[in-house]
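The values are calculated or read from the model by the stated rules, or taken from the named source; none is laboratory data. This structure is a prediction, so every number in the text was calculated from the model and none was measured. Cβ sites come from the backbone with ideal geometry, for glycine too, and all protein chains shown count toward neighbours. To get the accessible areas, we keep the full protein, side chains included, count just its heavy atoms, and leave off ligands, DNA and RNA. Shrake-Rupley method; radii C 1.70, N 1.55, O 1.52, S 1.80 Å.
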Amino acid sequence: MKWKGLIYSALFLPISLLSQTESDGLFMAKNNFCGGFVAGFSQWNHYWEGNFYRSNENIGTVSSNSIMLMGNYGINGKTNLIFTLPYIQNQASAGTLIGQQGLQDLNVFLKRELYAINFKGWLTSFNGTLGLGLPTTNYVADYLPLSIGMKSQTASAKMMIDVQKKQFFITASAFGMLRRNIEIDRDAYYTTKMIYSNSVQMPSVTGYNIRTGWRKDPDHYIEVILDGMNTIGGFDIRRNDMPFPSNNMDAIKVGLNLKWGIPGINGLSAMAMAMQTVAGRNVGMTQSVAAGAVYQFEISSPKKTNKK
Amino acid sequence: MKLFKFKFAHIIGVCCILGLLIFQGCQKEPSSRVDFYPSLSPDKLDTQAGSWLPILLSSPDEVECEIPLLTVSPDYKLELVEIKSWQAKLTDNDRELIKYWSAGTVLRWNEIMRELVAKYNLPPYQNADGTYPVPNANNPLAYPFFPFANPPYASRAYAYLSAAQYDAAISAYFYKSKFKRSRPSVSDPDIKELIPVPRDFAYPSEEAVISGASAAILKLMFPGEQDFIEQKLQECKNVRIMCGGNTRSEVNAGELLGEKVAQKFINRARQDGASKSVGNPSDWQMLEDRAVNRGETPWKSMETPARPPMLPLFGRVKGFLLDSSEVVQGRPAAPPSVHSQAFKKELDEVLYYSKNATRERTRIVHFWGDGVGTYTPPGHWNAIACDDFVNLNFSEVRWARNLALLNMAMFDAAICCWDVKNFYYTPRPSQLNPEIKTLTGLPNFPSFTSGHSTFSGAAATILSYLHPPKQGNYVSMANEASLSRLYGAIHYRMDTEVGMTMGVNIGQKAVNRGKNDGADK
């Protein structure tokens, strides 16, 4: 089982979900399925308007509650199919703007081990992940910072290296994501110029994720995380303007993640995570926590294998 | 089994690569519908437009136009050579510009203003002490940038632009008929016309007259954009020569004529009271006291820190269609007291829409939102009008006249609406019931009556007159725009209904002017 707990830093950038999931170097065994829920809470009361760091008493603290359904199926020991589907509820503590809630995007990832080697006791694997993101409901994207998402169909690719010696490990990954144009409820809008269309070009996103720590086995580990996201293109929020889905959103976050198998109940694990945004552009300076439980079982074959 | 796995991996791989390629194709800068507007090709040349009723000019020849060269003069021949030399080395960029401006000069300057309104429609960020800075026209590039192009400011800017374009165009058509200078291609068959050129007279170029006037008004309204505006002006002038429609002197004389006509409007704008419409703390206190003295709960800014009301004295600005006494006489009766049962019913209905938002109502709220960072409701109605007008084959002067009627109506709608808002100083629903959350930004000025409804009533009325086949659409769009404010939980139903009635009445003033300006003879 390989779920890193998952945090929504929603609010301005639900896309960063991707960089928080399936970012580990672990694989489910063939015909095993692992499913569960993660509940998340995140909030910010300062944000970057372009590079200008500010608060806004007309929204106060923007907070997000979420519950995410997730699952991972081992097609075989080297190929896993992963999905996530969150329900998100956002609100502002001040001002009059109404909150938003709803089922957000279904993300499906295919993760594959490409190459593995034991180099003098360093177990090293190279993995690749392909992902698709599909909005599941007709939610409103053009209502930031309270929108529950960007409502963009996405396609992503991620490369990852995972190295472990005894119980020390480090995983590093980098991803790129293409986002399809979205349609908004207006038929004209201003970015850095007037565009007379309801279609909005969504800039691509790249990012990296580095996590390291102690890993006894796939169900027992604790790690620190450094996560970066960089939107390629897009524009800055102007002074005192509203944010817009195609803003240039960047963020660097640090965090802590823990997974622990529950003693006595085979297959059940608990997870907890905390993240803090430390730098950004056109995003909130988010603090987030999440906790969840997953249960793993074999669908057919009685044979159980674990990588490493 | 092994073979199967091999194939499976390959199929997935190929699918993924194809998927990414398809995605790449779907990630495109959307094309603006305004880029596909057809070239202007008037059905009627409106050669008699020199006799139409001007707005500020006492007569179409009040402003003098330079007397043209004779077409037999060597200087004129040289101008013909200039056209041919441009045409011999047109770049792709030149062709793009020709295509852009061929859709219509009045139209494109209207779009340029909409873009600048959207760019400047941002409320200033507060000072450290919780007060708000006021944009300064004499220092437009220092923050807060001048102007804050909010809906009343924008309505006035659109009106001055369109009205100046109209008087400039009338003057141009007057002189065209007077001088009877033929088109360059008539004098020299080697000159190609790269866009449809009306078979009327060429001196002065009406496009240059309209552009000269437009640029002058835009520079007044958006003084921080001088270089951008000047660049557009030069582009338009060059296009007139490159496309074979006009010679250099036709364009230069036109620009000068347009500028001089615009100067009349600029002088008027400097004295129309708009610069005093911000008011001062004692004005704001007076508005509040007036409501308190009537026993009402006065409007209060829901922003933190509290922001002074948006242009509370805009009701005193001098409009084009109504004089100040008509503004006061046209005030609707007071809304029910905030303490009355009738008012409570209104408030409860807003709460209902706040608590029961549907996706469709949310769409309507956002479609008509036209809030911060947009071209405002008057800009939205200009966009609606232009989307229709491009298919109606108007001459430049008719374009100018129609948009002038539309924008004068909306400017006067803003004046009347802001007069009523600040006279009654009615609180917004969220002020009286904090449970009322809004689906869009809460505007920072009193509730009764709705600006959207007043603008939309006025716009739909004059547009129905200008283009009767779409009357039903205009009326239903106006009703939707009006109701969007109730759905958005920022206005009471009475605000929308009374605002709509006011707007229709003001629109009717524009219709009456239109019936008598000579254009529909």
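Here are the numbers for this structure:
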item	result
Tally, over the range A:55-83, of residues that are in a strand (DSSP E or B), open to solvent by 20 Å² or more (accessible area, probe 1.4 Å) and closer than 22 Å to residue A:298 by Cα	6
Residue B:98 being more than 14 Å from every other protein chain (Cβ to nearest Cβ) and either surrounded by fewer than 24 Cβ atoms within 10 Å (Cβ to Cβ) or among the β-branched types (Val, Ile, Thr) (or both)	yes
Count of residues meeting criterion [part of a helix (DSSP H, G or I) and more than 7 Å from every other protein chain (Cβ to nearest Cβ)] in the range B:358-380	9
Subset of the range B:138-153 that is more than 30 Å from residue B:397 (Cα to Cα) and within 12 Å of chain A (Cβ to nearest Cβ) - its residue that is most open to solvent (accessible area, probe 1.4 Å)	B:145
Filter result for the condition that a residue is surrounded by 24 or more Cβ atoms within 10 Å (Cβ to Cβ) and more than 21 Å from the chain's Cα centre (by Cα), over B:421, B:521, B:515	B:421
Unique residue being of a type in the set (Phe, Trp, Tyr) and in contact with a Lys or Arg (Cβ under 9 Å, 6 or more places away or on another chain) when the list is B:284, B:299	B:299
Residue list for the range A:94-137, restricted to those being within 23 Å of residue A:68 (Cβ to Cβ) and of a type in the set (Gly, Ala, Ser)	A:99, A:102, A:131, A:133
Scan of the range A:157-170 for residues that are part of a strand (DSSP E or B) and away from every other protein chain (no Cβ under 14 Å), ordered by number	A:160, A:161, A:162, A:163, A:164, A:165, A:168, A:169, A:170
The range B:117-137 residues that are more than 8 Å from chain A (Cβ to nearest Cβ), paired with ones that are among the small types (Gly, Ala, Ser) and in a helix (DSSP H, G or I) (beta carbon under 9 Å, 6 or more apart)	B:117/B:154; B:117/B:157; B:117/B:379; B:120/B:154; B:120/B:224; B:121/B:154; B:121/B:379; B:137/B:275
Hits in the range B:103-120 - residues which are open to solvent by less than 10 Å² (accessible area, probe 1.4 Å) and among the charged types (D, E, K, R)	B:108, B:114
Selection from the range A:204-217 of residues that are buried (at least 18 other Cβ atoms within 10 Å of the Cβ), out of contact with any helix residue (DSSP H, G or I) (no Cβ under 9 Å at 6 or more places or on another chain) and not polar (S, T, N, Q)	A:211, A:215
Hits in the range B:454-490 (condition: closer than 29 Å to residue B:434 by Cα and surrounded by fewer than 20 Cβ atoms within 10 Å (Cβ to Cβ))	B:479, B:480
Leading residue by the ranking (farthest from residue A:107 (Cα to Cα)) among those in the range A:136-156 that are open to solvent by 40 Å² or more (accessible area, probe 1.4 Å) and within 13 Å of chain B (Cβ to nearest Cβ)	A:138
Selection count, the range B:491-501, where residues are open to solvent by 20 Å² or more (accessible area, probe 1.4 Å) and in contact with a Cys (Cβ under 7 Å, 6 or more places away or on another chain)	0
Which numbered condition residue A:40 fails, given (1) of a type outside the set (Lys, Arg); (2) at the interface with another protein chain (Cβ under 10 Å from one of its Cβ atoms); (3) out of contact with any helix residue (DSSP H, G or I) (no Cβ under 8 Å at 6 or more places or on another chain); (4) crowded, with 20+ Cβ neighbours inside 10 Å	(2)
Any hit, the range A:171-188, residues being part of a loop (DSSP other than H, G, I, E, B), among the β-branched types (Val, Ile, Thr), in contact (Cβ under 8 Å) with a residue 60 or more places away in the chain and touching an Asp or Glu at 6+ places or on another chain (Cβ under 7 Å)	yes
Some residue of the range A:107-119 being within 30 Å of residue A:57 (Cβ to Cβ) and under 24 Å from the mean Cα position of the chain (by Cα)	no
Tally of residues being within 9 Å of chain B (Cβ to nearest Cβ) and either surrounded by 20 or more Cβ atoms within 10 Å (Cβ to Cβ) or more than 16 Å from residue A:45 (Cα to Cα) (or both) across the range A:96-112	5
Selection count where residues are open to solvent by 30 Å² or more (accessible area, probe 1.4 Å) and under 30 Å from residue B:322 (Cα atoms), scope the range B:154-183	1
Those residues of the range A:183-217 which are more than 9 Å from every other protein chain (Cβ to nearest Cβ) and hydrophobic (A, V, I, L, M, F, W, C), in sequence order	A:205, A:210, A:214
Test: residue in the range B:311-332 that is within 30 Å of residue A:198 (Cα to Cα) and among the small types (Gly, Ala, Ser)	no
Residue in the range B:318-377 that is surrounded by the fewest Cβ atoms within 10 Å (Cβ to Cβ), counting only those that are in contact (Cβ under 8 Å) with a residue 24 or more places away in the chain and acidic (Asp, Glu)	B:349
